[in-house]
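The values are calculated or read from the model by the stated rules, or taken from the named source; none is laboratory data. Just so we're clear, the structure is a prediction, and the values are computed from it rather than from any experiment. Positions of Cβ are generated from backbone atoms using ideal geometry, with glycine treated the same way; all protein chains shown enter the neighbour counts.
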Amino acid sequence: MAGTLRAQYDIVIVGAGKAGVQTASSLRDEGFAGEILLVGDEASAPYDRPPLSKSFLTGQGSLDDITLHGEGFYESRRIALRTGTGAVGLDRGAGNLVLGDGQAIGYGRLVLATGARARLLPLFGREFGRVVSLRTAADAIVLRKTLPASGRVVVIGGGFIGLEVAAVAARTYGSEVVVVEALPRLMSRSALPASASGALRNLESLGVRVLTGTAIAAVHSGDHRDADGVTTADGDFIPADLIVSGVGAIPNTELAEDAGLPVANGVLVDETLRTADPRVWAIGDCAAFPGAGFPSAGFPSAGGAGRVRPESLQNATDQGRHVARALATGAAEPYRALPWFWSDQGDLRFQSVGLTAGHDRTAVLGDPASGSFSVLAFREGRLLGGDSVNAASDHRALRRLLAAERGRWEAAVTPEACAAPGFALGDLARGLAEPRAAVPRSV
Amino acid sequence: MAWVTYQHSDGTSDKVDVPVGTSVMRAALANNVPGIVGECGGELMCATCHVYVLTPRGLGPGRSEDEDEMLDFAACPRRPESRLSCQIRMSDQFDGLIVETPEAQN
């Protein structure tokens, strides 16, 4: 977006994804009256990222349909928006941010919402045609054009984005799809084993071939321009018209790191989301915050005091809102929003809530063979969270429980209680709807 | 195209000409209409696009079970005419739709 920028803004937000836009918007909701600049390196107006690997990829709609806000929104809220312009330098001593066009902008306070970028496999070595990753709208537009003519698709990586693309390729475009995952199971970072098995069955029902425990040794190119297949570590050659790399994301921390801020798989922030510099905050995919005492329910964090960096729409939105409140009001509250996430893989909807890493026990609700079930994860008998596979009611009930005071429901939701006949998660959650409702009894 | 009117709790309103097939939530965001947030992008993962359908009557009960349950998460009390506006796709038969936006979505 054109227009002359001021030399100085009260608040500068770097990154115009969901976290950055939410921060700017919420600052006005909180009554902040100062000058706000929002800069982002992507050319398009800020948009919703989740549909890129879901509805948008199936060919539905245009970029306009996933644009976060229409024309006039930023102007009416007095948010200076500069797209197509990254930040290339940060001088914290002078309080200056240097933009890609060379302009130095002074800031009163700075919010880093720089997001993450697709990780590239080191084995590519050089750029091949017909190897793509999916992170931005520009990536999705390329993929959407390429998929219909790609009869054979190899997806490297069995994480959420890879599996969403695999499902669309098989179901919408009728491609022969092979998913190659180096680890022994799918979605090992963010899903419980039983829900990963559910995802596997669903993909196989769509005709997708899934190879777990299989590393890629090389990308093969016949003509040295376009890739035409991959070779696995076992020496098998898998031909492909298109290779989709979905091997995770790397947080964009270079700006912070070059400015001397502590970085370790994310810009390090305290539980109020502030960096080591009291004038600089970091949020969303680029920020790693302490997991201790998180979420709010008062149990030790899964995995101890380690840092967490959930890459999700919920996290971006809630952290944007949180930091806006801190900036507008001076409140220094810890960030404790309940994490939730979803993934659509064909007709399968996966939904998760809470952080389940570090669980020592699980309980299954429903019959996984039916394709509709949930898995609850516990640690020392206490519920951490859970996954739901085509079981949206369970997911909503879990969100209500985990958002409520633990004393009101915890005794009724134990691994033993889940296994008892007549256990009804939905009824327990509905019982919390009325503030004066009796504490649910143990079943 | 079909007209939708958004009535707000402060007495003001916005009238928007919406392409057929576009959701009432998306039309609000595209046209800078206040009072509708649409945080999850229309994926039935939140309830921040809650509206009360004033006209036509009877659109409330057209909810799916998913939408119905999600409405329990709305910041303002649900009423029989409550809907998530991301789930109302405009068609010619809804021309003249009037929705009331609640006082809060978060």
field: Candidate set: region B:58-80, residues that are more than 14 Å from chain A (Cβ to nearest Cβ) and under 16 Å from B:THR48 (Cα atoms); chosen: the one surrounded by the most Cβ atoms within 10 Å (Cβ to Cβ)
entry: B:CYS76
message: Tell me whether region A:212-219 contains one or more residues that are farther than 18 Å from A:GLN351 by Cα and among the hydroxyl-bearing types (Ser, Thr, Tyr).
response: yes
statement: Taking region A:340-373 and keeping only residues that are of a type in the set (S, T, N, Q) and in contact (Cβ under 8 Å) with a residue 12 or more places away in the chain, one is left with A:SER343, A:GLN345, A:GLN351, A:SER352, A:THR356, A:THR362, A:SER372
- prompt: Between a first residue in region A:190-214 that is closer than 14 Å to A:PRO368 by Cβ and a second residue that is among the aliphatic types (A, V, I, L, M) and outside any strand (DSSP E or B), which pairs have beta carbons less than 7 Å apart while being 6 or more apart in sequence or on different chains?
  reply: A:ALA196/A:LEU186; A:ALA196/A:MET187; A:ALA199/A:LEU163; A:ALA199/A:LEU186; A:ALA199/A:MET187; A:LEU200/A:LEU186
query: How many residues, within region A:215-266, are among the polar types (S, T, N, Q), surrounded by 15 or more Cβ atoms within 10 Å (Cβ to Cβ) and under 25 Å from the mean Cα position of the chain (by Cα)?
result: 3
- prompt: Can you tell me how many residues in region A:387-401 are at negative phi and within 20 Å of the chain's Cα centre (by Cα)?
  reply: 8
query: Looking at (1) among the small types (Gly, Ala, Ser); (2) outside the structural domain of A:SER25 (by TED's automatic domain parsing); (3) in contact with a Gly (Cβ under 9 Å, 6 or more places away or on another chain), which is the only condition A:GLY346 fails?
result: (3)
field: Residue match in region B:17-25 (condition: assigned to a helix (DSSP H, G or I), of a type in the set (A, V, I, L, M) and free of Cβ contacts under 8 Å to residues at least 12 places away in the same chain)
entry: no
task: Assess whether B:THR5 counts as being facing chain A (nearest Cβ under 9 Å) and hydroxyl-bearing (Ser, Thr, Tyr).
output: no
field: Residue identified as among the aromatic types (Phe, Trp, Tyr) and more than 14 Å from chain B (Cβ to nearest Cβ) among A:PHE128, A:PHE73
entry: A:PHE128
- prompt: Of the numbered conditions (1) within 26 Å of A:LEU255 (Cβ to Cβ); (2) without any contact (Cβ under 8 Å) to a residue 40 or more places away in the chain; (3) surrounded by 21 or more Cβ atoms within 10 Å (Cβ to Cβ); (4) facing chain B (nearest Cβ under 9 Å), A:PRO46 satisfies every one except a single condition; which is it?
  reply: (4)
- request: Six or more apart or on different chains, Cβ under 9 Å: which pairs go from a residue in region A:145-162 that's at pLDDT 95 or above to one that's of a type in the set (Phe, Trp, Tyr) and surrounded by 24 or more Cβ atoms within 10 Å (Cβ to Cβ)? Could you list them?
  value: A:PHE160/A:PHE350
- prompt: So which residues in region A:138-175 are surrounded by fewer than 20 Cβ atoms within 10 Å (Cβ to Cβ) and among the hydrophobic types (A, V, I, L, M, F, W, C), if there are any at all?
  reply: A:ALA138, A:ILE141, A:VAL142, A:ALA149
field: Filtered residues of region A:401-423 (kept if within 14 Å of chain B (Cβ to nearest Cβ) and either buried (at least 21 other Cβ atoms within 10 Å of the Cβ) or under 17 Å from B:GLU65 (Cα atoms) (or both))
entry: A:LEU401, A:LEU402
message: Contact list please: Cβ distance under 7 Å, first residue in region B:32-52 and closer than 18 Å to B:GLN7 by Cβ and facing chain A (nearest Cβ under 9 Å), second residue of a type in the set (Gly, Ala, Ser) and in a loop (DSSP other than H, G, I, E, B), pairs at least six apart or on different chains.
response: B:ASN32/A:GLY70; B:ASN32/A:GLY72
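Yes/no matrix, rows are residues, columns are (1) out of contact with any strand residue (DSSP E or B) (no Cβ under 9 Å at 6 or more places or on another chain); (2) part of a loop (DSSP other than H, G, I, E, B); (3) surrounded by fewer than 18 Cβ atoms within 10 Å (Cβ to Cβ); (4) of a type in the set (A, V, I, L, M):
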position	(1), (2), (3), (4)
A:GLN22	yes, no, no, no
A:ASP41	no, yes, no, no
A:LEU52	yes, no, no, yes
A:GLY61	yes, yes, yes, no
A:GLU71	yes, yes, yes, no
A:LEU97	no, no, no, yes
A:TYR107	no, no, no, no
A:LEU110	no, no, no, yes
task: Among the residues of region A:321-380, write down those that are of a type outside the set (A, V, I, L, M) and under 26 Å from A:GLY31 (Cβ atoms).
output: A:ARG321, A:HIS322, A:ARG325, A:THR329, A:GLY330, A:GLU333, A:PRO334, A:TYR335, A:ARG336
- prompt: In region A:350-372, what residues are crowded, with 20+ Cβ neighbours inside 10 Å and either in the same structural domain as A:GLY159 (by TED's automatic domain parsing) or within 23 Å of the chain's Cα centre (by Cα) (or both)?
  reply: A:PHE350, A:GLN351, A:SER352, A:VAL353, A:GLY354, A:LEU355, A:THR356, A:HIS359
query: In region A:176-185, what residues are assigned to a loop (DSSP other than H, G, I, E, B) and surrounded by fewer than 23 Cβ atoms within 10 Å (Cβ to Cβ)?
result: A:ALA182, A:LEU183, A:PRO184, A:ARG185
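What are the residues in region A:267-278 that are surrounded by 14 or more Cβ atoms within 10 Å (Cβ to Cβ) and not aliphatic (A, V, I, L, M), if any? First the steps, then the outcome.
Here is the first cut: in region A:267-278, the ones surrounded by 14 or more Cβ atoms within 10 Å (Cβ to Cβ) are A:267-277.
Once the filter is applied, which keeps residues that are surrounded by 14 or more Cβ atoms within 10 Å (Cβ to Cβ) and not aliphatic (A, V, I, L, M), region A:267-278 yields A:ASP270, A:GLU271, A:THR272, A:ARG274, A:THR275, A:ASP277.
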